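Visitor: Before anything else, here's the structure in question.
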């Protein structure tokens, strides 16, 4: 092997993909070979050494799995690392099949350029380190000095890796850890980490149940890839990590140890959670938005149908809100909406759901209630909550609320029907003068219930 040039092989039957990957992986000291068939890839692998092979799964005649097995047979105990790239084979069965065929990693199309470059950098560095070690061992005739230097080279990779690397016994005792893992978990050194963490299940996992779940998943296939979980740092804070690990077994099949890589993904995970929150929570009022409201309504109806419970759905519309907007501006209007939502939440149970459906319209779900008595009481509470004016920067703003009420199962058995009937009842309450509630089925404005004096 030459230290001057590292070879990369790209195998894909799509010419555009070949050109794209070739451009991404081109750099000084790297020779990129691009072929469009598995047969050609096997032919090149027979006569050349590659730092790694980027191999498409879905190809005609000879697919990626068959190609990987053929290359593995050719190279015997020293096969090149194979990274599968696929757009369709992303299920667990195909991923397992890929690892069994000889893959060391997966990339899913469309491939993220930075992720590809990052993985290529690691494989190239490992390849070059291996080349150096092999040349040193050859030059020193496997002397003790060469063996020591080989160990030092591998230790350098272990010590300087950005990702945390660990090895632990089946009962949770850390056998080895690198500095990156110690930093991720908040320890000053690997020695301190190994000394203080006698049982990863007790010290790192948030609960023994989480540890059991992790071991069960690991035992299922013998490996985990990009498994996301929360762990506890030395100072007690909780972070998110992504772990790829495997079980190492002896010839008798007994587990000797668990080894793996750990990456701190807290920043990305918190960003994902924040985006999910923003997608389901109304930014202005902090209560569920229309999407989450309907989702909870559907779940509540399914629960009520299963257990024979009663429930009520209310449609609320603020009276006089347009006047507040027109008189005092939209900023004041927004503050009134936020304050009104806060008042209503204080009048309902924690198990009830208040959601903003749009504008000055709200929805309310009352689960497991006696109807109509409980619904009538809650509706009156909400109407009464609007009696006091809202103080917005020293300005007294008054709004009322018109409420329509529908009951499950008498007024409907699905979300759309119940909300539509509640909406119709709300318009009856508004038509009757507002600041009151009406039940579905009322046709006379006189039937709408006036607020208490």
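Visitor: Could you go through region 27-37 and let me know if any residue there is part of a helix (DSSP H, G or I) and touching a helix residue (DSSP H, G or I) at 6+ places or on another chain (Cβ under 9 Å).
Guide: no
Visitor: If I ask for residues that are part of a strand (DSSP E or B) and loosely packed, with under 13 Cβ neighbours inside 10 Å, which ones from region 237-247 would you list?
Guide: 238
Visitor: Next question. Which ones in region 345-373 are farther than 18 Å from residue 401 by Cα and buried (at least 17 other Cβ atoms within 10 Å of the Cβ)?
Guide: Answer for region 345-373, where residues must be farther than 18 Å from residue 401 by Cα and buried (at least 17 other Cβ atoms within 10 Å of the Cβ): 352, 367, 369, 371.
Visitor: Same structure, new question: Inside region 269-290, can you point out the residues that are surrounded by fewer than 19 Cβ atoms within 10 Å (Cβ to Cβ) and either in contact with a strand residue (DSSP E or B) (Cβ under 8 Å, 6 or more places away or on another chain) or closer than 19 Å to residue 345 by Cβ (or both)?
Guide: Of everything in region 269-290, those that are surrounded by fewer than 19 Cβ atoms within 10 Å (Cβ to Cβ) and either in contact with a strand residue (DSSP E or B) (Cβ under 8 Å, 6 or more places away or on another chain) or closer than 19 Å to residue 345 by Cβ (or both) turn out to be 269, 270, 277, 280, 281, 283, 284, 286, 290.
Visitor: Take region 311-330 and flag every residue that is over 20 Å from residue 347 (Cα atoms) and surrounded by 15 or more Cβ atoms within 10 Å (Cβ to Cβ).
Guide: Matches in region 311-330: 320, 321, 324, 325, 328.
Visitor: Kindly indicate the residue of region 223-236 that is in contact (Cβ under 8 Å) with a residue 40 or more places away in the chain and more than 17 Å from residue 193 (Cα to Cα) and also surrounded by the fewest Cβ atoms within 10 Å (Cβ to Cβ) among those meeting that condition. Break it down into steps so the answer makes sense when it comes.
Guide: Taking region 223-236 first, the residues in contact (Cβ under 8 Å) with a residue 40 or more places away in the chain are 223, 225, 228, 231, 233-235.
Retained after the next criterion (residues that are more than 17 Å from residue 193 (Cα to Cα)): 223, 225, 228.
Working: 223: 17, 225: 17, 228: 13.
Here the answer is 228.
Visitor: For residue 18, state whether it is touching a strand residue (DSSP E or B) at 6+ places or on another chain (Cβ under 8 Å), surrounded by 18 or more Cβ atoms within 10 Å (Cβ to Cβ) and under 21 Å from residue 62 (Cβ atoms).
Guide: So residue 18 passes the test.
Visitor: Condition test on residue 72, is it surrounded by 15 or more Cβ atoms within 10 Å (Cβ to Cβ), modelled with pLDDT of 90 or more and outside any strand (DSSP E or B)?
Guide: No, not satisfied.
Visitor: Quick check on this structure: which one of 423, 352, 360, 384 is assigned by TED's automatic domain parsing to the domain that holds residue 442 and out of contact with any strand residue (DSSP E or B) (no Cβ under 7 Å at 6 or more places or on another chain)?
Guide: 384
The values are calculated or read from the model by the stated rules, or taken from the named source; none is laboratory data. Everything numeric here is computed off the predicted structure, so don't read it as measured data. Neighbour counts run over all protein chains shown; Cβ positions are idealised from the backbone, glycine included.
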